[in-house]
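Just so you know, all these numbers are worked out from the coordinates, no wet-lab data involved. Just so it is clear, the model here is predicted, and its values are computed rather than measured. Don't worry about glycine lacking a Cβ; one is built from the backbone with ideal geometry, like all the others, and counts go over all protein chains shown.
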Amino acid sequence: MKQLNKYNAGWLALSVIIYFVVQMLIQADVIDYYYQITLMNICMDIILALGLNLIIGFTGQFSLGHAGFMSIGAYCCAIMMLKMPDLTGFLLGLLLGVIVASLVALIVAIPTLRLKGDYLAIATLGISEIIRIAILNMGDLTNGAAGLSGMPILNNWTLSFFGIMLSLIIIVNYIKSSPGRATIAIREDEIAAESMGINTTKYKTIAFVIGAFTASIAGSLYASSFSMIKPDNFGFMKSVDILIIVVFGGLGSVTGTIIAAISLGILNMLLQPFGQLRMIIYAIALIAIMVFKPGGLLQHKELSMKKLFGRLSKKNTPKKEASK
Amino acid sequence: MSLLQVEKLTKNFGGLAAVSMVDFKLESNELVGLIGPNGAGKTTLFNLLTGVYVPTSGEIVMEIDGKKERLNGVKPYVITKKGLARTFQNIRLFKELTVLDNVLIAMHQNSKAGVLASIFRLPKYYRSEEGMRQEALSLLSIFDLDNKQQELAKNLPYGDQRCLEIVRALATKPKILFLDEPAAGMNPQETADLTKQIRKIQQDFKITVVLIEHDMSLVMDICERIYVLEYGRMIAHGTPGEIKQNPKVIKAYLGGEE
Amino acid sequence: MDQFLQQVVNGLSLGSIYALLALGYTMVYGIIKLINFAHGEIYMVGAYVGYTAIQNWGLGLIPALFIAMTFCAVLGVLIERVAYRPLRNATRIAALITAIGVSFLLQYVMILFMGPDVRTFPETVPAKIFKFGGVQVNEQQIYIFVISIILMFLLQFIVKKTKMGKAMRAVSVDSDAAKLMGINVDTTISFTFALGSALAGAAGVLVGVYYNSINPLMGAAPGLKAFVAAVFGGIGLIPGAMLGGLSIGVTEIMVSGYASSLIKDAVVYAILILVLLIKPSGLLGKNKKEKV
Ligand SMILES: Nc1ncnc2c1ncn2[C@@H]1O[C@H](COP(=O)(O)OP(=O)(O)O)[C@@H](O)[C@H]1O
Ligand SMILES: [Mg+2]
């Protein structure tokens, strides 16, 4: 059974431990209702930022429109849940959301991913604005600027945890595979990648679609967290929030993204009582972090089971698995 | 017909004809030299043949399984799939990645595990990864780079970077390998060693190698045929012996006076 | 036909405000390749300075405009000095995030001092209406249009004819080479920020005159719009920014007039994407291919 090598088993154990520890803290009311909201938000941000990091950090394509795909997931799920206010409705909505979001991503990716750098950024920004305005103008289906309300609140730690695990598995497994390496090669040198036989458009598109897929999962969780959504929740500023997490954590670092989402989420919560000063402190922190640590927290570095095991068991085991 | 046949190939940059009306032929399993002064259009010719630039006019035709296929205007990755690989004059490795990953990326087009098999970690994924890793290491061992597999490409010494470029190109399983000044920046001894290694690769892999190299004596030594470019035009072609005697070549290399 | 001309007139006055803003974006981008997301907030600050000058100090439009432009120029230089200069060799995305940080900072500092509410911009220009056939032009529109044109000519003159303007162009082509030629790159970049920010300040005051209302978050949407305008015309190019600003202003007014104001932004973005797909470097931009 190669699937259950010791590194994968290590990851599995770590996740299970995290899940149960948090679950126990919730049960013991250490993480009370108020903290749980922060927790849900952090979980969504992790999912969103993982997907965006795949696009920006690993593929090197600058997207400023991540919130657009999140809104597709949120609306699909909300519409479904209003018809079927239970877990089945949520799951069907989630499914519908990822399908629609992936399709939209596929359709817009093929022409726009030819653009480079800032041009791509502005085009993706445009796409997410178009998505937002489309949702605004969909009549009763989306209820315009007022948005949809009355969805059941189903999101909880377990659901969020599964959302994160699903996104993590998709993204990490993808990165650490041959198609994933081909994708990273595009970031490193697009011309060289193409000369090594890599269909760059194809792999950019795949990364973009996976990003949209995961953003849609986060959107569905959002729709089932607050019982109301409106197009303004998914504007440019939301995309910027996600971008900040990605850059703060380090482009191309999954571990960094997770740490950044957690720390920024907690920072945000701690700053709540400061009222108007909150955003000023946040802004200064943002500038200071970028000025003093422009590469993010963990530039390219990752928490690695392999290194961890290597450090624990002093015997230098020869590298048997390709999974790092 | 020949393995690769180029007719009247032309590339203009604005008013400059970097490559102009070039005829060029490659047979299978040979080592061909491409020489010419700086700015003659050698790199541009490689860029045209590998699809990085689209020709202004002319024909590039390759014989694949007995059938003729036009390669002009075809995307670089498709051309690579058809068996043309290259190195870059100004090294273009995937700098932040390991030596091993650089080679694995070049093997991707022949990899068997697709996106879904990779995401769901199907047995196919593990089989294909292991197979690719073995193959990559054996290619790296040609230049003794297998013991540096986990180093980042950017941290390799300059000479090793050039060798890694060659290994990476070989990993695409080419029929024709274009090497753009692989010995640039090396001392004469290193250059001689590398050139011998290139000859050996050409024979071991039974592929066609086209070599751009400035050290004339080396080119004369190891190449079976030589093409000479000057100002974008192919001014001569023939065996090393013929090229040495060719008045146009002598003039091009010794200056315009004569 | 009259209605159409009316829309064009309205579009041009809105468009000239976008153009003034887009010029700042484009100059800064041209010289340090930074999307200065704080640019919209400088415009907002300009509006508030103009407001204070007119409302509290009882000044007229032109002195208020002058004060706002000076204030914004200083602010722009300061921001570059403190926040952007340390990041000049960092990744562009880090600089972008910093710019976003600066824009938050300006927004919320303004909220702290002036409150989050909308304020009515004092009336300085008489609301006189001129009729040309069936087309109405009010005096505010004339002011906006004339002032914008004067400022753009001034800018063209500075960039084309003065020593500093030549230095700006040199640095934007190749800052290392410019340095070797003895150009003080830091000063040149500061000067660029001063110019761009002054124009943004002017745009802020003019928008106050036009819409009669200002608020601390007013810079976000037009800032984005102006950046779109700059990209649309070909980023880094001064004529491109003017063309882009005017086209986007006219498009917006036309879509609002003939279809629905709800979809105007979507149409603007759709056109932008189409333009980029056909001409990836914008209307007036030149396509550059990487030399291999
Ligand atoms: N992308 C390009 N744009 C404009 N000119 C180019 C480009 N690529 C090459 N050239 C020009 O074409 C000519 C041939 O260059 P090159 O093929 O690099 O010569 P060589 O490799 O023989 O030294 C040179 O004058 C060079 O400046
Ligand atoms: Mg060359």
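For the stretch A:111-121, a residue qualifies if it is hydrophobic (A, V, I, L, M, F, W, C), over 18 Å from the mean Cα position of the chain (by Cα) and either facing another protein chain (nearest Cβ under 8 Å) or within 16 Å of A:Gly219 (Cα to Cα) (or both), and exactly one does: A:Leu115.
Regarding B:Met107, is this residue over 13 Å from the mean Cα position of the chain (by Cα), under 26 Å from B:Gly39 (Cα atoms) and away from ligand 1 (no atom under 16 Å from the Cβ)?
On the way: over 13 Å from the mean Cα position of the chain (by Cα): yes; under 26 Å from B:Gly39 (Cα atoms): no; away from ligand 1 (no atom under 16 Å from the Cβ): yes.
No.
For the stretch B:197-210, does any single residue satisfy the condition of being outside any helix (DSSP H, G or I), within 16 Å of ligand 1 (Cβ to nearest atom) and touching a Lys or Arg at 6+ places or on another chain (Cβ under 7 Å)? Even if it seems obvious, please write down each step before you answer.
At the first step, the residues of the stretch B:197-210 found to be outside any helix (DSSP H, G or I) are B:206-210.
Then drop every residue that is not within 16 Å of ligand 1 (Cβ to nearest atom), which leaves B:210.
This time we only want the ones that are touching a Lys or Arg at 6+ places or on another chain (Cβ under 7 Å), so: none.
The answer is no, given that none of the residues of the stretch B:197-210 is outside any helix (DSSP H, G or I), within 16 Å of ligand 1 (Cβ to nearest atom) and touching a Lys or Arg at 6+ places or on another chain (Cβ under 7 Å).
All conditions in (1) surrounded by 22 or more Cβ atoms within 10 Å (Cβ to Cβ); (2) within 16 Å of ligand 1 (Cβ to nearest atom) hold for C:Glu290, with the sole exception of (1). The set of residues in the stretch A:275-297 being farther than 21 Å from A:Ser253 by Cβ, in a helix (DSSP H, G or I) and more than 7 Å from chain C (Cβ to nearest Cβ) consists of A:Leu277, A:Arg278, A:Ile281. Would you say B:Asn102 is more than 16 Å from ligand 2 (Cβ to nearest atom), touching a residue at least 60 places away in the same chain (Cβ under 8 Å) and of a type outside the set (Phe, Trp, Tyr)? Answer is yes for this residue. Residues of the stretch B:114-164 that are charged (D, E, K, R), surrounded by 15 or more Cβ atoms within 10 Å (Cβ to Cβ) and facing another protein chain (nearest Cβ under 9 Å): B:Arg121, B:Glu129, B:Arg133.
Pairs are defined by a Cβ separation below 6 Å, a sequence spacing of at least 6 or placement on different chains, a first member in the stretch A:86-110 that is hydroxyl-bearing (Ser, Thr, Tyr), and a second member that is in a helix (DSSP H, G or I); the pairs so defined are A:Ser102/A:Val209; A:Ser102/A:Ala212; A:Ser102/A:Phe213. Identification of helices (runs of 4 or more DSSP H) wholly contained in the stretch A:134-243 with 2 or more residues that are in contact (Cβ under 8 Å) with a residue 24 or more places away in the chain yields A:157-175, A:178-188, A:200-223. Selection over the stretch B:211-232 of residues that are within 12 Å of ligand 1 (Cβ to nearest atom), of a type in the set (D, E, K, R) and farther than 22 Å from B:Glu165 by Cβ gives a count of 1.
Inside the stretch C:253-282, residues that are more than 13 Å from every other protein chain (Cβ to nearest Cβ) and under 21 Å from C:Ala22 (Cα atoms) make up a count of 2. When the test is whether a residue is away from ligand 1 (no atom under 16 Å from the Cβ) and under 21 Å from the mean Cα position of the chain (by Cα), B:Leu152 does not pass it.
Screening the stretch B:79-91 for residues that are within 16 Å of ligand 1 (Cβ to nearest atom) and touching a residue at least 40 places away in the same chain (Cβ under 8 Å) and picking the one that is surrounded by the fewest Cβ atoms within 10 Å (Cβ to Cβ) gives B:Gln89.
Taking the stretch C:265-281 as the range and being under 29 Å from A:Asn137 (Cα atoms), surrounded by 18 or more Cβ atoms within 10 Å (Cβ to Cβ) and not β-branched (Val, Ile, Thr) as the test, the residues that pass are C:Asp265, C:Ala266, C:Tyr269, C:Leu272, C:Leu276.
Looking at A:Val98, A:Val108, which one is away from chain C (no Cβ under 14 Å) and either crowded, with 21+ Cβ neighbours inside 10 Å or over 22 Å from A:Leu243 (Cα atoms) (or both)? Write out each step before concluding.
Details: A:Val108 fails: away from chain C (no Cβ under 14 Å).
So the residue among A:Val98, A:Val108 that is away from chain C (no Cβ under 14 Å) and either crowded, with 21+ Cβ neighbours inside 10 Å or over 22 Å from A:Leu243 (Cα atoms) (or both) is A:Val98.
Inspection of the stretch B:172-190 identifies no residue that is buried (at least 18 other Cβ atoms within 10 Å of the Cβ) and in a helix (DSSP H, G or I). Determine if the stretch B:238-248 includes at least one residue that is without any contact (Cβ under 8 Å) to a residue 40 or more places away in the chain and in a strand (DSSP E or B). Scanning the stretch B:238-248 turns up at least one residue that is without any contact (Cβ under 8 Å) to a residue 40 or more places away in the chain and in a strand (DSSP E or B).
Does B:Val6 satisfy the criteria of being touching a helix residue (DSSP H, G or I) at 6+ places or on another chain (Cβ under 8 Å), more than 25 Å from B:Cys163 (Cα to Cα) and within 16 Å of ligand 1 (Cβ to nearest atom)? Walk me through it before giving the result.
Details: touching a helix residue (DSSP H, G or I) at 6+ places or on another chain (Cβ under 8 Å): yes; more than 25 Å from B:Cys163 (Cα to Cα): yes; within 16 Å of ligand 1 (Cβ to nearest atom): yes.
For B:Val6, the condition - touching a helix residue (DSSP H, G or I) at 6+ places or on another chain (Cβ under 8 Å), more than 25 Å from B:Cys163 (Cα to Cα) and within 16 Å of ligand 1 (Cβ to nearest atom) - is met.
All told, B:Val74 falls short of being among the aliphatic types (A, V, I, L, M), within 16 Å of ligand 1 (Cβ to nearest atom) and more than 28 Å from B:Asp221 (Cβ to Cβ). Within the stretch B:13-47, the residues that satisfy the criterion of being within 13 Å of chain C (Cβ to nearest Cβ) and away from ligand 2 (no atom under 13 Å from the Cβ) are B:Phe13, B:Gly14, B:Leu16.
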